[in-house]
Amino acid sequence: MVSLHDIRAAQSLLRGIAVRTPLLEWTDVTAKRKLFLKLENLQPMGAFKLRGAYNKVASFSEEERRRGVVSYSSGNHGQGVAYAARALGLKAIIVMPGNAPKNKLESTAALGAEVITVGPGSEERRLRAEELAAEHGFVIVPPYNDEKIIAGQGTVGLEILEDLPEVETVLVPVGGGGLISGVSAAIKLTNPKVNIIGVEPELAGDARASLHSGHIVAFAAEQVTQTLADGLRTQSIGEVNFEHIRAY
């Protein structure tokens with residue numbers, strides 16, 4: 001399990017790399033119940049994924065860095081890994097679905113990564129990345145099922161508490177579960193009274209199904225790819241993520 005110390009260490013590491021994004025008050029100032037948006041779209045590559053990706057890649061030894069990295073992503077994590085690899089001078093290979101939005105494919109390549117496309121299933125791209133790692137010796141940067149990734153994403157939670165200490169409820173989108181794992185750990189370990197609610201497309205509601213059943217439930221690729229929320233088409237959450245979701 002990721003500790004508050006892990007998340008604070010990631011926060012220190014990410015200073016000057018990830019943007020400390022603002023909270024935008026969405027409701028009228030006179031509204032009794034206020035809604036705020038955490039603007040992670042203002043990160044250099046447009047998503048929170050940079051936080052976890054950089055925290056993970058920066059943890060590699062010199063020998064691992066020389067080998068280069070491979071990752072798999074529907075788009076945003078791939079861009080985060082490509083950005084981190086470029087910043088640290090590493091070779092990066094990103095496996096992405098061929099039906100990923102064109103702008104995400106192009107942006108990942110523009111950041112210096114080699115992009116390899118496969119079919120639409122999240123398991124398909126994971127298996128291809130593992131094959132490439134075994135064949136060429138690349139180090140894998142998983143998109144969510146990893147404590148370094150979770151700690152990096154958890155810095156979002158620390159910033160929410162710093163900017164809005166009176167926060168009552170935090171709504172977190174759930175794909176593979178990296179963001180909600182980190183945010184819930186950061187917030188619950190600081191203030192257990194805050195409610196954390198995961199939000200996902202009905203067609204890709206595997207995290208909800210897993211939480212209710214008590215074990216990880218996987219959805220078919222043919223189903224999850226029907227949702228327009230392309231960043232949330234993961235077929236199942238990771239084991240490490242499930243542990244955090246159940247706890248918090």
Going through (1) closer than 30 Å to residue 106 by Cβ; (2) surrounded by 13 or more Cβ atoms within 10 Å (Cβ to Cβ); (3) not acidic (Asp, Glu) one by one, residue 34 fails only at (1)
Go through segment 202-224 and give me each residue that's crowded, with 20+ Cβ neighbours inside 10 Å and under 18 Å from the mean Cα position of the chain (by Cα).
-> 204, 205, 206, 207, 224
Taking the residues in segment 119-150 that are open to solvent by 30 Å² or more (accessible area, probe 1.4 Å) and not in a helix (DSSP H, G or I) as candidates, determine which candidate is farthest from residue 221 (Cα to Cα).
-> 140
When restricted to 80, 16, the only residue of a type outside the set (A, V, I, L, M), over 13 Å from residue 155 (Cα atoms), open to solvent by 70 Å² or more (accessible area, probe 1.4 Å) and under 20 Å from the mean Cα position of the chain (by Cα) is 16
Single residue of 66, 8, 33 found to be in a loop (DSSP other than H, G, I, E, B) and over 16 Å from the mean Cα position of the chain (by Cα) = 33
Which one of 187, 197 is open to solvent by 10 Å² or more (accessible area, probe 1.4 Å) and of a type outside the set (Gly, Ala, Ser)?
-> 197
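The values are calculated or read from the model by the stated rules, or taken from the named source; none is laboratory data. Remember, predicted model here, so these are calculated numbers, not experimental data. FYI the Cβ positions are ideal-geometry reconstructions off the backbone, even for glycines, and counts take in every protein chain you see. Only protein heavy atoms, including side chains, enter the accessible area calculation; ligands, DNA and RNA are left aside. Shrake-Rupley method; radii C 1.70, N 1.55, O 1.52, S 1.80 Å.
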